[in-house]
Amino acid sequence: QQPVQSPQAVILREGEDAVINCSSSKALYSVHWYRQKHGEAPVFLMILLKGGEQKGHDKISASFNEKKQQSSLYLTASQLSYSGTYFCGTLDQTGANNLFFGTGTRLTVIP
Amino acid sequence: ETGVTQTPRHLVMGMTNKKSLKCEQHLGHNAMYWYKQSAKKPLELMFVYSLEERVENNSVPSRFSPECPNSSHLFLHLHTLQPEDSALYLCASSQGRGMEKLFFGSGTQLSVL
């Protein structure tokens, strides 16, 4: 039931772009993205609802393809502050009130 | 500061001990959650409280006992834990119980010896 994230880890130089993918075997109602820095609380980035919407948050944006049950997080012109572990969480269409999280993608941005 | 405070930050306990984790939210939210975060595993939802009523219990062993005395406070009482229960325990809150934007605390790192 947990979504699958890829890649598991990625290292970028400042200014480079990255894509993090999240896929589920279930029909999804929504996809949620969070970032957690080491030793800190996970912080909400965005929610995407079914309807194929795309959202942006500064230079971080995401898309949701409900037909493919996939979401992608796009990090453009990465900054050092983008380092952390990115988690996607999914709510399926059964109505169950349980946000299932993936295992995370560890992103490291180096100068 | 996310508005959700957890104490203690670190806890070491033996398998026969009884301890409690505390969570407090200052955001006026109506729902509170306990999550377990183990190394290389997904975040696992343990309990959900909405307006002080437990609405979700994801097959969590009875050695974990939640308590929500009011909408601002959430406890997790621990007793006779096992070493595999060692993990980061995260508390979160949200405005409603629809699993919308969650505000997480920094967690309690628990080690069971």
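Read-outs: derived from the displayed coordinates by stated rules, not from any lab. Here the structure is a predicted model, which means the values were calculated and not measured. Here the Cβ positions follow ideal geometry from the backbone for every residue, glycine too, while neighbour counts run over all protein chains shown.
Points to keep in mind about this one:
- Theoretical gain in end-to-end length, residue A:65 to residue A:27 [0.36 nm per residue, Cα-Cα removed]: 12.6 nm
- FRET efficiency, residue A:98 to residue A:14 (Cβ-Cβ, R0 30 Å, nearest 0.05): 0.20
- In terms of distances greater than 22 angstrom between alpha carbons, the cross-link table entries A:26/A:59; A:37/B:40; A:67/B:101 yield A:26/A:59; A:67/B:101.
- At q = 0.14, 0.15 Å⁻¹, base-10 log of I(q)/I(0) for the protein assembly as shown (Debye sum, equal scatterers on each alpha carbon): -0.87, -0.99
- Scanning chain B for cysteines with no neighbouring cysteine C-beta under 4.7 angstrom from their C-beta gives B:68.
- Peptide ranges A:3-14, B:82-93 listed from the most packed, as the mean C-beta count within 10 angstrom indicates: B:82-93, A:3-14
- Per-residue 3J(HN,Hα) values for the stretch B:41-58, derived from phi via the Karplus relation 6.51 cos²θ - 1.76 cosθ + 1.60 with θ = phi - 60°, read 10, x, 4, 10, 6, 9, 9, 10, 10, 10, 6, 6, 9, 6, 10, 8, 9, 7 Hz in sequence order (x marks Gly and Pro).
- Sites residue A:57 and residue B:51 - FRET efficiency at Förster radius 35 Å, r taken between beta-carbons, to 0.05: 0.70
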